[in-house]
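Note sheet for the following structure.
The values are calculated or read from the model by the stated rules, or taken from the named source; none is laboratory data. Just so we're clear, the structure is a prediction, and the values are computed from it rather than from any experiment. For neighbour counting, all protein chains shown are included, and Cβ atoms are generated from backbone atoms with ideal geometry for every residue, glycine included.
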């Protein structure tokens, strides 16, 4: 039974080889490792080259780092996309939670990356936090055929609206915390063929009962994914095997089979 982590940041771990070994032992068949800025794109590339049967790279300029970009950021990004024809674009997006960079500066990098995804026919992974209107405005300005909203935390109504625009949605274990119970309602509204699983490791730590691989400093181990799948399956009223099979098929349809 295949299980895929559709969004993480393995490049942030001190010993990603050890992390990957634990992921394989936990039954995980592969993952998408997302870059966030020019500073870590090469680290993502090295992981993809070292573990080509397990790591699919994604390269993108995250909204938090839009104001720190170099003058050549777009050309550098295109270089990584040329180097890895099977790569996707991510993590990109819009964020209303941070004060800096401003929405205008975020838009300066968000729109060109959406256009790049469309022109190159690459899957794109989007971060959107407290910025639904800027997201919708960006998608209207630079529409893409399909996009993944990772760790989607919006409402059921918004999930339905975004699905109509081509959105897919990945669930992270952080939303299994009781205080996030309302978010689960949105995932009940997500079309079954648009649902994926993720860890966002080392971020988005799930509740204690869903942690099978504890790490220091409250880091989230991506090998926690099987327990996260079980938690979501229970919340959706289905069995873990069915959810795992469905999300694995969706992952391969969205990102393409390796």
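What's the total number of residues in the range 132-153 that are free of Cβ contacts under 8 Å to residues at least 60 places away in the same chain, in contact with a strand residue (DSSP E or B) (Cβ under 8 Å, 6 or more places away or on another chain) and within 17 Å of residue 97 (Cβ to Cβ)?
Residues flagged as free of Cβ contacts under 8 Å to residues at least 60 places away in the same chain, in contact with a strand residue (DSSP E or B) (Cβ under 8 Å, 6 or more places away or on another chain) and within 17 Å of residue 97 (Cβ to Cβ) within the range 132-153 amount to 6.
Looking at the range 158-173, is at least one residue exposed (fewer than 15 other Cβ atoms within 10 Å of the Cβ), out of contact with any strand residue (DSSP E or B) (no Cβ under 8 Å at 6 or more places or on another chain), closer than 16 Å to residue 247 by Cβ and at pLDDT 95 or above?
No, that holds for no residue.
Kindly provide the set of residues from the range 77-87 that are in contact (Cβ under 8 Å) with a residue 12 or more places away in the chain and either part of a loop (DSSP other than H, G, I, E, B) or out of contact with any strand residue (DSSP E or B) (no Cβ under 7 Å at 6 or more places or on another chain) (or both), ordered by number. Break it down into steps so the answer makes sense when it comes.
Kept after step one, since they are in contact (Cβ under 8 Å) with a residue 12 or more places away in the chain, are these residues of the range 77-87: 77-78, 80-81, 83-84, 86-87.
If the condition is that a residue be in contact (Cβ under 8 Å) with a residue 12 or more places away in the chain and either part of a loop (DSSP other than H, G, I, E, B) or out of contact with any strand residue (DSSP E or B) (no Cβ under 7 Å at 6 or more places or on another chain) (or both), then 78, 83, 84, 86, 87 are the ones that fit.
Any residue at all in the range 240-255 that's in a loop (DSSP other than H, G, I, E, B) and either in contact with a helix residue (DSSP H, G or I) (Cβ under 7 Å, 6 or more places away or on another chain) or modelled with pLDDT under 95 (or both)?
Within the range 240-255 (the criterion being in a loop (DSSP other than H, G, I, E, B) and either in contact with a helix residue (DSSP H, G or I) (Cβ under 7 Å, 6 or more places away or on another chain) or modelled with pLDDT under 95 (or both)), the answer is no, since none of the residues qualifies.
Go through the range 204-233 and give me each residue that's part of a helix (DSSP H, G or I), surrounded by 13 or more Cβ atoms within 10 Å (Cβ to Cβ) and out of contact with any helix residue (DSSP H, G or I) (no Cβ under 7 Å at 6 or more places or on another chain).
Within the range 204-233, 225, 226 qualify.
Hey, residue 145 hits all of (1) at pLDDT below 95; (2) under 19 Å from the mean Cα position of the chain (by Cα); (3) under 30 Å from residue 181 (Cβ atoms) but one; which does it fall short on?
(3)
With the requirement that a residue be at positive phi and without any contact (Cβ under 8 Å) to a residue 12 or more places away in the chain, what does the range 198-237 give you?
217, 237
Just name the residue that is modelled with the lowest pLDDT out of those in the range 88-127 that are out of contact with any strand residue (DSSP E or B) (no Cβ under 6 Å at 6 or more places or on another chain), assigned to a loop (DSSP other than H, G, I, E, B) and surrounded by 16 or more Cβ atoms within 10 Å (Cβ to Cβ).
96
Hey, residue 258 hits all of (1) closer than 25 Å to residue 15 by Cα; (2) modelled with pLDDT of 95 or more; (3) loosely packed, with under 15 Cβ neighbours inside 10 Å but one; which does it fall short on?
(2)
Identify all residues within the range 193-203 that are in a loop (DSSP other than H, G, I, E, B) and touching a helix residue (DSSP H, G or I) at 6+ places or on another chain (Cβ under 7 Å); write none if there are none.
199, 201, 202, listed by residue number.
Give the residue that is farthest from residue 128 (Cα to Cα), with candidates limited to residues of the range 25-50 that are surrounded by 15 or more Cβ atoms within 10 Å (Cβ to Cβ) and out of contact with any strand residue (DSSP E or B) (no Cβ under 8 Å at 6 or more places or on another chain).
Taking the candidates together, the pick is 26.
For the range 1-47, what are the residues that are within 26 Å of residue 101 (Cβ to Cβ), in contact (Cβ under 8 Å) with a residue 60 or more places away in the chain and part of a helix (DSSP H, G or I)?
Kept after step one, since they are within 26 Å of residue 101 (Cβ to Cβ), are these residues of the range 1-47: 7-12, 32-45.
Within this subset, residues satisfying the condition of being in contact (Cβ under 8 Å) with a residue 60 or more places away in the chain are 7-10, 12, 32, 34.
If the condition is that a residue be within 26 Å of residue 101 (Cβ to Cβ), in contact (Cβ under 8 Å) with a residue 60 or more places away in the chain and part of a helix (DSSP H, G or I), then 10, 12 are the ones that fit.
Restricting attention to the range 51-66, does a residue exist that is in a helix (DSSP H, G or I), touching a strand residue (DSSP E or B) at 6+ places or on another chain (Cβ under 6 Å), at pLDDT 95 or above and surrounded by 15 or more Cβ atoms within 10 Å (Cβ to Cβ)?
Yes: one or more hits.
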